[in-house]
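**Student:** Encoded as structure tokens, here's the structure I'll be asking about.
The values are calculated or read from the model by the stated rules, or taken from the named source; none is laboratory data. Computed from a prediction, not measured in an experiment: that's the story for all the values here. FYI the Cβ positions are ideal-geometry reconstructions off the backbone, even for glycines, and counts take in every protein chain you see. These accessible areas exclude ligands, DNA and RNA; they are computed on the full protein's heavy atoms, side chains included. Shrake-Rupley method; radii C 1.70, N 1.55, O 1.52, S 1.80 Å.
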Amino acid sequence: MTEIKFCGLKTGRDVAAAAQAGARWTGFVIFPASPRHVSPGLAGELAHLAQGTETVAVMVDPDDTLLAQIRDAMRPDWIQLHGQESPRRVIQARAYARQGIIKSVPIAQASDLAAARAYDRIADMLLFDAKPPSGASRPGGWGEGYDYALLKNLNLSVPWLLSGGLDATNVCRAVTASGAQAVDVSSGIESAPGIKDTARIQAFADALAPERTA
């Protein structure tokens, strides 16, 4: 069964559509450079609506002040660190999440997988995303893919999610190529950057339906 994380949700309608589609995780981005950014307060309101899913606060190199704001406003199940956070910083940030830390690892080629070893057993989950374009203002959410088969024979101690360029048309092939048991999608369920599309959310879940019920 392939679990789904719908990320970059910004409205109550987004949250309802994700829950209806069977999300395990609902993700909220707190990073002003992203078109999916929401304030800590709004993240808290949306997380309250997302009961029945595991909530994820997605941040990029957050300081302790922001982590405390998110903890108090949202009480996230998970914190996703999507920047240059060190293993030590991952350990420190865990105190602000109810379940644990998801650490993103950018991938473009096989040699990039070495970075995951530093976080294995340190983070509670890993997320493999496409490396951003050169000079990008944010580390993710560009809708770019990569060779998902690079992940096929991973030998990790913690669970991981496949991300980067996924949508309803390619997610099944990506899961087969990578061996992923969980996927993360954001731009692939949007009609424009930061604007989620209810039909695309459901289509993404429907594309995985045979696999999820196998």
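**Student:** Which one of LEU46, LEU42, LEU9 is within 21 Å of ASP197 (Cβ to Cβ), open to solvent by 30 Å² or more (accessible area, probe 1.4 Å) and outside any strand (DSSP E or B)?
**Tutor:** Of LEU46, LEU42, LEU9, the one residue that is within 21 Å of ASP197 (Cβ to Cβ), open to solvent by 30 Å² or more (accessible area, probe 1.4 Å) and outside any strand (DSSP E or B) is LEU42.
**Student:** On the basis of being touching a strand residue (DSSP E or B) at 6+ places or on another chain (Cβ under 7 Å) and not in a loop (DSSP other than H, G, I, E, B), does ALA199 make the cut?
**Tutor:** Answer is no for this residue.
**Student:** Same structure, new question: Looking only at region 158-179, which residues are touching a Ser or Thr at 6+ places or on another chain (Cβ under 7 Å) and in contact (Cβ under 8 Å) with a residue 60 or more places away in the chain? I'd like the intermediate steps shown before the answer.
**Tutor:** Keep residues of region 158-179 that are touching a Ser or Thr at 6+ places or on another chain (Cβ under 7 Å), which gives 162, 175.
Of everything in region 158-179, just one residue is touching a Ser or Thr at 6+ places or on another chain (Cβ under 7 Å) and in contact (Cβ under 8 Å) with a residue 60 or more places away in the chain, namely VAL175.
**Student:** Right, here's the next one. Going through ALA114, ALA93, ALA57 one at a time, which residue ends up being open to solvent by 30 Å² or more (accessible area, probe 1.4 Å), of a type outside the set (Lys, Arg) and outside any loop (DSSP other than H, G, I, E, B)?
**Tutor:** Working: ALA93 fails: open to solvent by 30 Å² or more (accessible area, probe 1.4 Å); ALA57 fails: open to solvent by 30 Å² or more (accessible area, probe 1.4 Å).
One residue alone meets the criteria, ALA114.
**Student:** Further question on the same structure: If we keep just the residues of region 78-90 that are in a loop (DSSP other than H, G, I, E, B) and either more than 17 Å from the chain's Cα centre (by Cα) or among the small types (Gly, Ala, Ser) (or both), which is nearest to ALA43 (Cα to Cα)? Step through it out loud before you land on a result.
**Tutor:** The first filter runs over region 78-90 and keeps only residues in a loop (DSSP other than H, G, I, E, B), leaving 82-86.
Still in the list and also either more than 17 Å from the chain's Cα centre (by Cα) or among the small types (Gly, Ala, Ser) (or both): 83, 86.
Working: GLY83: 19, SER86: 25 Å.
Among those residues, the one meeting the criterion is GLY83.
**Student:** Same structure again: Go through the residues of region 167-177 one by one and say whether even a single one is modelled with pLDDT under 90 and acidic (Asp, Glu).
**Tutor:** no
**Student:** Further, regarding this structure: Of everything in region 26-35, what is touching a residue at least 60 places away in the same chain (Cβ under 8 Å) and open to solvent by less than 10 Å² (accessible area, probe 1.4 Å)? Give them in sequence order.
**Tutor:** Result: GLY27, single match.
**Student:** Within region 60-70, restricting attention to residues that are among the hydrophobic types (A, V, I, L, M, F, W, C) and part of a helix (DSSP H, G or I), which residue is surrounded by the most Cβ atoms within 10 Å (Cβ to Cβ)?
**Tutor:** Pass one, region 60-70, residues among the hydrophobic types (A, V, I, L, M, F, W, C): 60, 66-68, 70.
Checking the rest, the ones that are also part of a helix (DSSP H, G or I) come to 66-68, 70.
On the way: LEU66: 17, LEU67: 21, ALA68: 14, ILE70: 24.
Result: ILE70.
**Student:** Assuming LEU161 fulfils every condition listed in (1) open to solvent by less than 10 Å² (accessible area, probe 1.4 Å); (2) assigned to a helix (DSSP H, G or I); (3) of a type outside the set (Phe, Trp, Tyr) apart from one, which condition is it?
**Tutor:** So LEU161 meets the others, but not (2).
**Student:** A further question follows. Hey, GLY52 hits all of (1) part of a loop (DSSP other than H, G, I, E, B); (2) open to solvent by less than 20 Å² (accessible area, probe 1.4 Å) but one; which does it fall short on?
**Tutor:** Failing condition for GLY52: (2).
**Student:** Just one of ALA17, ALA123 is in contact with a strand residue (DSSP E or B) (Cβ under 9 Å, 6 or more places away or on another chain) and not in a loop (DSSP other than H, G, I, E, B); which is it?
**Tutor:** The match here is ALA17.
**Student:** Condition (residue is open to solvent by 20 Å² or more (accessible area, probe 1.4 Å), among the charged types (D, E, K, R), modelled with pLDDT of 95 or more and over 13 Å from the mean Cα position of the chain (by Cα)) applied to region 183-193: is it met by at least one residue?
**Tutor:** Scanning region 183-193 turns up no residue that is open to solvent by 20 Å² or more (accessible area, probe 1.4 Å), among the charged types (D, E, K, R), modelled with pLDDT of 95 or more and over 13 Å from the mean Cα position of the chain (by Cα).
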